[in-house]
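Notes follow once the structure below has been shown.
The values are calculated or read from the model by the stated rules, or taken from the named source; none is laboratory data. Being a predicted model, the structure only gives us computed values, none of them experimental. Here the Cβ positions follow ideal geometry from the backbone for every residue, glycine too, while neighbour counts run over all protein chains shown.
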Amino acid sequence: MAFVRCGDCAHFLPDEVGDGTGIGNCFRFEEYKLKNPSEAALVKARASMGKGLLYPSVERDCSKFGGKNEKS
Ligand code: SF4
């Protein structure tokens with residue numbers, strides 16, 4: 001799997017504090033949490049997003065990646 005950067009993903013939610021280079025969030029993950037999944041399902045969802053932090057420039061292996069110019 002290719003490594004991607006959250007900062008290049010249409011689903012990335014930049015940190016609202018500061019200049020936006022800090023830790024952000026993932027729209028796909030927040031959307032999933034609204035379904036009130038079990039703790040086990042949440043752990044599985046986190047793993048499917050790839051490991052690592054959500055800082056814009058951190059490389060991660062995420063199967064949910066959608067480039068900013070891609071529709072998903
Ligand atoms: S879908 Fe993956 S690459 Fe995109 S913001 Fe979420 S965790 Fe990052």
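Values for this structure:
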item: Residue check, residue 57 farther than 14 Å from residue 8 by Cβ and either of a type in the set (Gly, Ala, Ser) or more than 14 Å from the chain's Cα centre (by Cα) (or both); result: no
item: Output for the stretch 44-57, where each listed residue is within 11 Å of the ligand (Cβ to nearest atom) and surrounded by fewer than 15 Cβ atoms within 10 Å (Cβ to Cβ); result: 46, 48, 51, 52, 53
item: Tally of residues being at pLDDT 85 or above, assigned to a loop (DSSP other than H, G, I, E, B) and either among the aliphatic types (A, V, I, L, M) or touching a Phe, Trp or Tyr at 6+ places or on another chain (Cβ under 8 Å) (or both) across the stretch 26-60; result: 4
item: Close pairs (6 angstrom Cβ cut-off, 6 or more residues apart or separate chains): under 10 Å from residue 3 (Cβ atoms) in the stretch 54-72, at pLDDT below 85 anywhere; result: 58/52; 60/50; 60/52; 61/1; 61/50; 62/49; 62/50
item: Identity of the residue in the stretch 1-21, in contact with a strand residue (DSSP E or B) (Cβ under 7 Å, 6 or more places away or on another chain) and outside any strand (DSSP E or B), that ends up farthest from the ligand (Cβ to nearest atom); result: 3
item: Any hit, the stretch 22-43, residues being under 20 Å from residue 2 (Cβ atoms), more than 10 Å from the ligand (Cβ to nearest atom) and among the small types (Gly, Ala, Ser); result: no
